Each structure stands twice: as C-alpha cells, then as structure tokens.
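Visitor: Mind having a look at this structure? Questions to follow.
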Amino acid sequence: MTKTYAGGYRALKGIDLEIRRGEIFALLGPNGAGKTTLISIVCGIVNPSEGRVLADGHDIVRDYRAARSAIGLVPQELHTDAFETVHDTVRFSRGLYGKPPNPAYLEKILRELSLWDKRGEKIMALSGGMKRRVLIAKALSHEPSILFLDEPTAGVDVELRREMWAMVSRLRDSGVTIILTTHYIDEAEEMADRVGVINQGEIVLVEDKRVLMRKLGKKQLSLQLQAPLDAVPQALASDALTLSDDGNELVYTFDAQAEDTGIAALLKRLAEHGIEFKDLNTSQSSLEEIFVNLVKSPQAEKKPAPGAAQEVRA
Ligand SMILES: Nc1ncnc2c1ncn2[C@@H]1O[C@H](COP(=O)(O)OP(=O)(O)OP(=O)(O)O)[C@@H](O)[C@H]1O
Ligand SMILES: [Mg+2]
C-alpha cells in the first residue's frame, strides 16, 4: 500500500504488513513516520493511493461495511461531543453500527475504564485523560474484533496507564486483535507480542518482541573495581571498554549472540594488569535502544524528511 497526500507528499511507500489474529502489535516510529496515516487507511478515514487492505478477510473499500464493523478505533486526536454525557455518547456509538442495545456490556466497559462514576457527566467537564478513556469506550462499544489504539496512553497518568495495559491484555485474552502505536517504548516492551518499526513511510522492521530483543540487543558487563583507575590501561583500550567518571566501574559492551563474547579474554587481561573487581553484573539493552538505533541508521539519514525522526534523536 502507498499513500501520497494531495501536494505530493509520500507518507507511505509500499507498506506490506500482516497482523496475526489475536496478537498485540505495537507500531513504533518517530513523529511523522506514517503511523496515523496507515491506521486511518485501514479504518476508512483516508483513501490509499495504491494497494489494498483486508480486515478480517473483508476488503476495506469494496466490502467496507463488514470491514468497518470488525474494527474499533481510538484516534490520536481528542475530539468528542462536548455536550453529550459519557454514557449517551458510548451508547450512540454502538447504535451507529446497528448493534442492538446492550446495557450490561456498556456498563462493563465503562467500569473497566473507571468511567462508570462519570457516566452522567458532560464530556466537556472531564479531564484530558478521562476524555481519552471515553474514546476507548466508544471504540469498544460495538464489540469489534480488531482494535486500533493510536497513542492510547498519551496524557494518561501512570496508574491509569498500568490499568489500561491490563485492560488491553484482557481484551487480547478475549480474542481481540490489537494494533497500537506509542511513543512510550516501555509500553511496547510490556504489552506487545510483535513490534513493527515504521520510519519515513517504510516498515523497517517487524519482529517478535522477544526475538527482537535477543537478536539486536547488546549486552553490557559492568565490573565494580576494588580500587579506582585513572584511565583504561593503554594495552586494553578499545571502544567496547569504558571507564566511569569516578574510575570505579569498567563497562564492557559485547554482542550477546556472538560466538566469542570476548569476556574470558577481557577478564584474563584485567588480571594480568592487576585490576581486581569486587562485583560484576550483565545487562541487556532495551527495546528503546534498539529503536533509537534503528531510526537513526545511516539509511534513514540519507533521505531526511522535514520533521521526521528529530524528536526521537533528541
Ligand atoms: N492530510 C494530510 N495532508 C498532507 N500531509 C499529511 C496529512 N496527514 C499527514 N500528513 C503527513 O504525512 C506524514 C505522516 O503523518 P502521520 O500523521 O501518519 O505520522 P505519525 O507517524 O502518526 O506521527 P505522530 O507520531 O506525530 O503521530 C507527515 O509528514 C504528515 O505531515
Ligand atoms: Mg500519529
């Protein structure tokens, strides 16, 4: 699928992506990468320039009614009917899909989103985080089997984020397929089964989260020294070995997948130089580091787009 906006901007350049039934798929990418464009096409809000999309087997253009009733969308932008009450707006959304009323179901989702006590309030009287939850309730109102969450937890407080993560997990357990975009890497790390990274309109990576973290992750070995060093001895100097400012810790970075990590040789040479340590630990790089490395790759730097990737690099 491609998307060229009026004016000629190519927001999506040949996207080929398959989402598995029942998974949580996290789409990561810097501002302007094309995440919302991609979601908007699947949801029928933006027309694709080329290509086609099937949602639950239904072509989103030819068979749009069936496709759309399978899909729920929590949009990135907050826009709600200010004068409606929480309960009415959610009930109305369900009605738009021609579903018969189901007060018990609506009560369940309002309770899960901690909105039940607010059900009689006008939406304009809610805080930003509550409005976002109303959007989630609306998206779930017609019992979709595919749920898109475009930055679901932007502006949501820490405790509620955790609750929302739990709710998304429960939805997945009940069989709903979830595609979410986020700028919080820990959110993807916590929730996703698979992660896709999009940069400048191209999918640059799709991978099982665990495989991704194993495959791309670097490991670090930290050694707490018995006595501080002024500098790394000349004979041991390498990019992989760094000394902390206070001289008390040596950090060795290595490829966790490598046949020979170099640890044995390093420890031997430290001993030869009389460098003793009192403690050591290893740590593996996070999804965040992997992501930042991906979107600032030389390939991405060759074709800069205005506004793209800046925020993540900063
Ligand atoms: N209606 C439009 N007309 C023209 N260009 C658009 C339109 N909507 C989006 N774009 C451009 O398409 C690119 C992708 O935008 P999109 O909103 O899909 O990014 P995003 O990945 O969702 O970013 P963010 O993380 O900031 O939400 C951007 O360069 C944007 O300026
Ligand atoms: Mg967006």
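Visitor: Show me, for segment 199-210, the HN-Hα J-couplings you get by feeding each phi into the Karplus relation (A = 6.51, B = -1.76, C = 1.60, θ = phi - 60°), rounded to Hz, glycine and proline as x.
Guide: 9, 6, x, 10, 6, 9, 6, 9, 7, 4, 4, 5
Visitor: Hey, got the dipole for segment 218-284? About the Cα centre, +1 on K and R Cβ, -1 on D and E Cβ, debye to the nearest 20?
Guide: Taking the Cα centre of segment 218-284 as origin, the dipole is about 140 debye.
Visitor: Counting only protein chains, not ligands or nucleic acids, how are Thr253, Thr2 ordered by accessible area (probe 1.4 Å), most first?
Guide: Descending accessible area places them as Thr253, Thr2.
Visitor: Roughly how tilted is helix 103-112, in degrees to the nearest 10 and between 0 and 90, from the longest Cα axis of the chain?
Guide: The angle comes out near 20 degrees.
Visitor: Sorted by accessible area with a 1.4 angstrom probe, largest first, how do His142, His87 fall?
Guide: Heavy-atom accessible area, descending, gives His87, His142.
Visitor: For a quick check, take a GNM of the chain with Cα springs below 10 Å and name the residue from Leu270, Leu223, Leu73 with the largest mean-square fluctuation.
Guide: Greatest mean-square fluctuation among the candidates belongs to Leu270.
Visitor: Now a separate question. Can you give me the long-range amide H partners of Leu147? Hydrogens built in the peptide plane at 1.01 Å from N, cutoff under 5 Å, separation of 5 or more residues or another chain.
Guide: So Leu147 has HN proximity to Gly72, Thr177, Ile178, Ile179.
Visitor: Here's a follow-up. Given Cβ point charges of +1 (Lys, Arg) and -1 (Asp, Glu) and nothing else, what value in debye, to the nearest 20, does the dipole of the chain about its Cα centre take?
Guide: Approximately 1360 debye in magnitude.
Visitor: Place +1 on the Cβ of every Lys and Arg and -1 on the Cβ of every Asp and Glu in the chain, take the dipole about the Cα centre, and give the residue among Phe83, Met213, Asn293 whose Cα lies farthest towards its positive end.
Guide: Phe83
Visitor: Looking at Ala271, Leu243, Ala258, which one has the Cα that reaches farthest to the positive end of the dipole of segment 218-284 (charges on Cβ: Lys, Arg +1; Asp, Glu -1)?
Guide: About the Cα centre, the residue reaching furthest to the positive side is Ala258.
Visitor: May I ask which of Lys13/Lys35; Lys35/Lys122; Lys218/Lys296 have a Cα-Cα span longer than 20 Å here?
Guide: Lys35/Lys122
Visitor: If you fit an axis through the alpha-carbon atoms of helix 86-96 and take the longest principal axis of the Cα set of the chain, what angle between them do you get, 0 to 90°, nearest 10?
Guide: It is inclined by approximately 70 degrees.
Visitor: Also, I was wondering about something else. So how much accessible area does Ile263 have, in Å² to the nearest 10, using a 1.4 Å probe?
Guide: Accessible area of Ile263: about 40 Å².
Visitor: While we're on this one: If amide hydrogens are placed 1.01 Å from N in the peptide plane, which non-local residues have theirs closer than 5 Å to the one on Leu28?
Guide: Gly196, Val197, Ile198
Visitor: Another question about this same structure. Can you list the HN-Hα couplings for segment 170-180, worked out from phi with the Karplus curve (6.51, -1.76, 1.60; θ = phi - 60°), rounded to whole Hz and with x for Gly and Pro?
Guide: Result, rounded to whole Hz: 4, 4, 4, 4, 7, x, 7, 8, 10, 10, 10.
Visitor: Take the Cα coordinates of the chain, assign each an equal point scatterer, and use the Debye formula without solvent to give log10 I(q)/I(0) at q = 0.09, 0.11, 0.12 Å⁻¹.
Guide: Result of the Debye calculation: -0.58, -0.78, -0.88.
Visitor: All other residues with a Cβ under 10 Å from the Cβ of Asp186 taken together, and with Lys, Arg as +1 and Asp, Glu as -1, what is their net charge?
Guide: -3
Visitor: Checking the cross-link filter: which lysines have an alpha carbon closer than 23 Å to that of Lys278, excluding same-chain neighbours under 8 positions apart?
Guide: Filter leaves Lys219, Lys268.
Visitor: Just read off the accessible area of Ser169 with the full protein assembly in place, 1.4 Å probe, to the nearest 10 Å².
Guide: Looks like 40 Å² after rounding.
Visitor: 5 Å is the cut-off here: which amide hydrogens, built 1.01 Å from N in the peptide plane, fall below it relative to Ile203, excluding neighbours closer than 5 in sequence?
Guide: Placed amide hydrogens put Asp16 under 5 Å from Ile203.
Visitor: Okay, moving on. So what are the ³J(HN,Hα) numbers for segment 234-246, from phi and the Karplus equation (6.51, -1.76, 1.60; θ = phi - 60°), rounded to whole Hz, Gly and Pro as x?
Guide: Along segment 234-246, the couplings run 3, 5, 9, 4, 7, 4, 6, 10, 10, 10, 5, 4, 7 Hz.
Visitor: What is the distance in Å between the Cα centroid of segment 44-81 and that of segment 162-205?
Guide: One Cα centre to the other: 18 Å.
Visitor: With everything on Cα atoms, drop me the angle between helix 263-272 and the longest principal axis of the chain, reported from 0 to 90° to the nearest 10.
Guide: The angle comes out at about 30 degrees.
Visitor: Ignoring any ligand, DNA or RNA, what whole percent of the accessible area of segment 1-61 comes from carbon and sulfur when the probe is 1.4 angstrom?
Guide: Percent of accessible area from carbon and sulfur atoms in segment 1-61: 46.
The values are calculated or read from the model by the stated rules, or taken from the named source; none is laboratory data. Values in this document were obtained by computation on a predicted structure and should not be read as measured data. Ideal geometry is used to build each Cβ from the backbone, glycine not excepted, and the neighbour counts take in all protein chains shown. Note: areas computed on protein heavy atoms with side chains; ligands, DNA, RNA excluded. Shrake-Rupley method; radii C 1.70, N 1.55, O 1.52, S 1.80 Å.
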